[in-house]
1. Which loop GluC sites (Glu not before Pro) in the stretch 296-335, with loop taken from DSSP, have no more than 11 other Cβ atoms within 10 angstrom of their Cβ?
2. At 7 Å along Cα-to-Cβ for each site, give me the label-to-label distance between K318 and A263 in nm.
3. Could you pull out the GluC sites (Glu not before Pro) across the stretch 77-137 that fall in loop regions by DSSP (anything but H, G, I, E, B) with no more than 16 other Cβ atoms inside 10 Å?
4. Under a 1.4 angstrom probe, counting protein chains only, how are S207, S188 ranked by accessible area, largest first?
5. Please report the carbon-and-sulfur percent of the accessible area for the chain; probe 1.4 Å, protein heavy atoms only, DNA, RNA and ligands left out.
6. Can you give me the accessible area per residue for the stretch 165-236, using a 1.4 Å probe, in Å²?
7. Based on the Cβ-Cβ distance from Y72 to Q9, what FRET efficiency comes out when R0 is 56 Å, to the nearest 0.05?
8. Please identify, among P412, P391, P377, the residue showing maximal mean-square fluctuation in a Gaussian network model of the chain using a 10 angstrom Cα cutoff.
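The values are calculated or read from the model by the stated rules, or taken from the named source; none is laboratory data. No experiment lies behind these values; they were computed from the predicted model shown. A quick note on method: Cβ atoms are made from the backbone with ideal geometry, for glycine too, and the neighbour counts reach across all protein chains shown. Areas reflect the complete protein model, heavy atoms only, side chains present, ligands, DNA and RNA absent. Shrake-Rupley method; radii C 1.70, N 1.55, O 1.52, S 1.80 Å.
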Amino acid sequence: MSGETVKLQLGGLEVELPILVGTEGERVIEIDKLRAMTGYITLDDGYANTGSTTSEITYLDGEKGILRYRGYPIEEIAERCDFTETAYLLIYGELPTAEELETFRKSIRARSLLHEGMKTIFAGFPPDAHPMAILSAVVGALAIYCRDSLDPADPRQREVAIFRMLAKMPTIAAFSYKQSIGQPFIYSQNKLSYCQNFLQMMFAVPSERYEPDPDFVHALNLLLILHADHGQNCSTSTVRMVGSSTVNLFSSVSAGICALWGALHGGANEACINMLEAIHADNDNLGKYIDLAKDPNDDYRLMGFGHRVYKNYDPRAKIIKEVCHGLLEKHSREDPIFELAQELEEVALSDPYFIERRLYPNVDFYSGIIYKIIGIPKQMFTVLFALGRLPGWIAHWREMHLAPGGMRIHRPRQLYTGSAQRKFVPLIKR
Ligand code: ACO
C-alpha cells in the first residue's frame, strides 16, 4: 500500500479509496470496499480496466512491448533457459540451482505414464474429434485417476498434482494425436528431455527408430517458453476463477484448456494458418482481406493481429519471426505462407486503420508456421499453446492458494437490466 488515497464524491457522499503501487510503478485504485461504503459497484465490460488480483509472476507493459517472467526479460529466458527450467521459475519464483532443477525434472519424468485404464477414454472418441476437446476431457479425467492429489490445501498433494499435471499433459496431447491418425500410443521415455519426449510421443512408431531433429526440439522449447505465462489472460483467469472454488488442479486446468480453445485466444494460431492458406488459395489477394478486416459492417478480423494489452509489437512475435527465418533457411525451404505472412504484416503495419488502432502481430501470427515446419498438424496448434501455458496456469493456481491473506472465491457482480418484477401468466393463458 502506498499510503496515498483518492477521494471520490458520489452524490452527497465523499469516500477515500486506497491507491496501491506495483513494483514497476503501476497505480491502481482499490475498490473492494466501495459497495460497502457507498452502495455502488463498478462496471467494466471485458475487464479491460479491472485488476482481478495482485500477482508476482509476470510483468507486461503493452505500451512498450515488455514481458518479464519473475523479473527476467523474456528475451533472456528464451535464450538461456529450457522449458522445464522456465516452468520452475514461474511456479516457484526463483531460478533453480542445478540440484533443484534435476529433482524437479525427476519428479516430472517419474509421473509421465497414464493409468492404462485411461486409454479406453481415448478409444471412445470419434477419430475426427478436436484434440483440444480431448485434452480438456482427459485432463479433467485425471481427477478420477489421481484422487490422492486433489486437495489444494494439502502441501504434499498440491505438489504431487503439479508434477502430475506437467508430466501427463504432453502424454495426453500426443495420445490424442495418435488416436486421431489411428497409430499406436507411444509411451514416454525418461532419458529424453521434455520437448524431445513430446516429439517422440507424437512422431515415433513402434516399427522404426526415431531421432527428434535438434532444430525442432530447440524451436519447440522456445515456443513453449514464449507461451508459458502472460498475466491475467482469459485462460489463466479461468484457471484462477475455477480454482477459487477450491476445486483440484486437474479440473481447474481442464477449464483453462476450454477457455484457451476459442479463436480470440489460443485458437488464433490455428485460425491464423487457416486465414493465410485461404488468402494464398485466393491468389494471394491481400488487399481483399485487409479491406474485409477494416470493414465495420463485416466481422472478419486478421487472425494473429491485435492484442488487448500490447499496443506495440508483441515481443514474443518478434522472437518467433526470427526463429521462423532461421528454421526455413537452415532447412533450405521456401514457404509461401511465411512469405505471405510477412507481406501481410508489412501491408497492415503501413495502413492507417491498423496504425490508429495500434494493431500489431501477436504471438499467434508466426507460431503456426513453425509448428508446420516441425510437422505438427494444424488441429494440434492450440494443444501446443496449452502445453506451453501450463506452467503459467499452475503458477497462478499455486500463487492463489498460497496468498498471504488467504483465498476468496471469485464472484463478480452484475448490473441487472432485465424485466422488473412482473405478474406470472399461467401456461393456459400465454
Ligand atoms: N483485425 C481487424 N481489426 C481488429 C483486429 C483484427 N485482428 N483486432 C482488433 N481490431 C479492431 C476492432 O475492430 C476495433 O475497431 P473499432 O475501434 O473500429 O471498433 C479495435 O481494433 C479494437 O478492438 P477490440 O476488439 O476492442 O480489442 P480487444 O482488446 O477487445 O481484442 C483481440 C483483442 C481479441 C486480441 C482482438 O485484437 C482480435 O480479435 N484479434 C484477432 C484474434 C487473435 O489474434 N487473438 C489472439 C490474441 S493473443 C492470445 O490470446 C494469445
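1. Numbers: sites: E322, E329, E334; in loops: E334.
For GluC sites (Glu not before Pro) across the stretch 296-335 that sit outside H, G, I, E and B with at most 11 neighbouring Cβ atoms in 10 Å, the list reads E334.
2. Output for this residue pair reads 3.0 nm.
3. For GluC sites (Glu not before Pro) across the stretch 77-137 that sit outside H, G, I, E and B with at most 16 neighbouring Cβ atoms in 10 Å, the list reads E94.
4. In descending accessible area the options line up as S207, S188.
5. Numbers: 11300 of 21960 Å².
About 51 percent, which is the carbon plus sulfur part of the accessible surface.
6. Numbers: 2630 Å² over 72 residues.
Heavy-atom accessible area per residue stands at 37 Å².
7. According to the calculation, E is roughly 0.85.
8. Among P412, P391, P377, the largest GNM mean-square fluctuation belongs to P412.
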